1. How much mean residue ellipticity at 222 nm does the chain get from its helices, if each DSSP H run of length 4 or more adds -39500 (n - 2.57) and you divide by all residues, to the nearest 500 deg cm²/dmol?
2. For segment 9-57, what number results from the quotient of the Cα radius of gyration and 2.2 N^0.38 Å?
3. Can you give me the Rg/Rh ratio for the chain, using Cα atoms for both radii and the Kirkwood formula for Rh?
4. Angle between the Cα long axis of helix 41-57 and the longest principal axis of the chain, 0 to 90 degrees, nearest 10?
5. Residues with amide H under 5 Å of Ser147's amide H, sequence separation 5 or more or different chain, H placed in the peptide plane at 1.01 Å from N; which?
6. Just to check I understand the Karplus step: with θ = phi - 60° and J = 6.51 cos²θ - 1.76 cosθ + 1.60, what whole-Hz values come out for segment 96-108, glycine and proline as x?
7. First measure r as the distance between the Cβ atoms of Ala133 and Val103, then evaluate 1/(1 + (r/R0)^6) with R0 = 30 Å and state the FRET efficiency to the nearest 0.05.
8. Net charge near Ala133, counting Lys/Arg +1 and Asp/Glu -1 over other residues with Cβ under 14 Å of its Cβ?
Amino acid sequence: MIGTPGVPAPLAAAIEALASLPGIGPKTAMRLVLHLLQRPASEAGNLADILHGLHARIGFCDRCGGFADQGRCPICTQPGRDPGVVCVVEQPVDVLMMERGGVFRGVYHVLHGRLSPVDGVGPEQLRIRALDARLAQGVKELILATSATVDGEATAHYLAQRYRTRADTISRIARGVPEGGELEYLDEYTLQRALDQRVPWQ
Ligand SMILES: [Zn+2]
């Protein structure tokens, strides 16, 4: 779009920047940019400020590893959550997906990856020591919600072996999750069903 005849460069640049985002094609990008142009300049400025501060303001919860804007995330500090039920996921985005269902009342532990010997990712590269520490404080149920990929399954297997004697119950989310499925791409109903129908680890 940059260099397109008849389109002023700043307009083309804004369209191109938005069109580079996932799920936004050039037409939608143009609609968004034209919308912003029609609104007061303060609205675009506000949006720019929010985006500008995004990386600086969002970090990871020092307990679960999910997204947080300060030490602890809103889930770890939410009253009524059961800290004895820990759902283990691969990525911070998985927590957001699980929470969309709005039913789970336990807490999370984000590994920040999954075991992948081919890519040189072993237990030391994941947040497993932090999980050890949480298990040491007593966990009633450890729910393994790693992806249904080969590496995700291997990670679940590794964790089930590691914590066999340390958690009262270990379960795996059900096969509502399709083979090769990343949690991120599942709708909340599929994910909720997979969680509800979780099976005890044998
Ligand atoms: Zn947290």
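Just so it is clear, none of the values below were taken in a lab; they were calculated from the coordinates. Predicted model, so just to flag it, every value in this text is computed and none were measured. Quick reminder, even Gly has a Cβ in these numbers, built from the backbone with ideal geometry, and neighbours come from all protein chains shown.
1. -12500 deg cm²/dmol
2. 1.17
3. My calculation puts Rg/Rh at 1.09.
4. Rounded to the nearest ten degrees, it is 30.
5. When sequence neighbours closer than 5 places are left aside, the close amide H contacts are Glu90.
6. Couplings: 4, 5, 5, 6, 4, x, x, 10, 5, 10, x, 10, 10 Hz.
7. Using R0 = 30 Å, I get an efficiency of 0.65.
8. Every neighbour counted, the sum reads +4.
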